[in-house]
Amino acid sequence: MCCTFAQNKEEVLKEVIYLMQKDFVLEWRQKYAFNGMLLYVGSTVFICYLSFSLRFGGLEVPVWNALFWVILLFTSVNAIAKGFAQESRGRLLYYYSIVSPQGVILAKMIYNAALMLVLSLLCFGFYAVVIGNPVQDVGMFLLSIVLGAIGFASSLTMISGIAAKAANTGTLMAVLSFPVMVPMLLMLMKMSKNAIDGLDPSVSVDEALVLLAINMIVVTVSYILFPYLWRS
């Protein structure tokens with residue numbers, strides 16, 4: 001039984017690697033999708049600069065923090081919503097016949113987490129250059145970005161899989177993601193605010209552990225429940 005479990009685990013790992021390679025190749029060939037996300041981030045940050053910095057002489061720290069996470073939230077929804085929606089029914093049927101559902105959901109989550117991490121870091125860099133950087137503890141702020149990128153990717157990937165089964169994917173994605181994203185956003189904003197104020201890292205340990213626990217729960221629940229969604 002232990003050998004069978006180890007073999008299944010190894011097979012799932014191979015499937016994850018192959019599916020991730022497929023996603024990266026497709027993204028490389030269809031550069032307009034990633035470039036579109038970069039354009040969305042850049043234009044949103046520049047509009048915020050024109051609206052706030054030029055007219056009011058800068059942003060207060062709470063507004064700077066909230067605006068940053070709002071931009072990342074909408075970026076993640078736009079970037080991850082296409083995860084399952086872009087897959088044709090024929091391709092999904094082909095996946096159904098050759099790979100396990102656990103491999104599919106884990107590959108999507110890891111790929112989306114990597115994509116969100118790149119977009120988040122680029123957004124923070126451009127946001128800090130254009131609007132200003134009030135962050136005093138950059139290390140803790142980057143940690144909040146990493147946890148947020150993984151949290152957004154894991155949660156929205158599963159929601160994208162559920163919404164792809166419906167006719168109106170975009171609307172259902174927005175409705176389902178709202179109650180999931182709000183608690184995570186509150187934790188991220190509190191943790192990043194502590195980093196901006198330069199507080200001792202021990203103050204943010206509780207928020208970091210809660211975010212880590214949320215990410216682990218989402219990944220575990222998705223791993224267990226996605227096979228039932230996959231069969232439908």
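Worth pointing out:
- Of M216, M173, M158, all but one fail to be in a helix (DSSP H, G or I) and within 22 Å of L67 (Cα to Cα); the exception is M173.
Listed here are the residues, each with its yes/no results for (1) small (G, A, S); (2) more than 23 Å from F24 (Cα to Cα); (3) touching a residue at least 60 places away in the same chain (Cβ under 8 Å); (4) surrounded by fewer than 21 Cβ atoms within 10 Å (Cβ to Cβ).
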position: V99; (1), (2), (3), (4): no, no, yes, yes
position: G103; (1), (2), (3), (4): yes, no, yes, no
position: Y111; (1), (2), (3), (4): no, no, yes, no
position: L117; (1), (2), (3), (4): no, no, no, yes
position: S120; (1), (2), (3), (4): yes, no, no, no
position: G132; (1), (2), (3), (4): yes, yes, yes, yes
position: S155; (1), (2), (3), (4): yes, no, yes, no
position: G161; (1), (2), (3), (4): yes, no, yes, no
position: S192; (1), (2), (3), (4): yes, yes, yes, no
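- Candidate set from the range 163-187 (those that are crowded, with 16+ Cβ neighbours inside 10 Å and modelled with pLDDT of 85 or more); member that is nearest to I224 (Cα to Cα): M184
- Residue check for K190: basic (K, R) and modelled with pLDDT under 90: no
- When the range 194-232 is limited to residues that are at pLDDT below 85 and touching a Pro at 6+ places or on another chain (Cβ under 6 Å), the one that is surrounded by the most Cβ atoms within 10 Å (Cβ to Cβ) turns out to be F226.
- Checklist (1) surrounded by fewer than 17 Cβ atoms within 10 Å (Cβ to Cβ); (2) under 30 Å from I224 (Cβ atoms); (3) at pLDDT below 80 applied to L54, failing item: (2)
- Meets criteria (touching a helix residue (DSSP H, G or I) at 6+ places or on another chain (Cβ under 6 Å) and modelled with pLDDT of 75 or more) for V25: no
The values are calculated or read from the model by the stated rules, or taken from the named source; none is laboratory data. Everything numeric here is computed off the predicted structure, so don't read it as measured data. Reconstructed Cβ throughout: ideal geometry from the backbone, glycine too, with neighbour counts over all protein chains shown.
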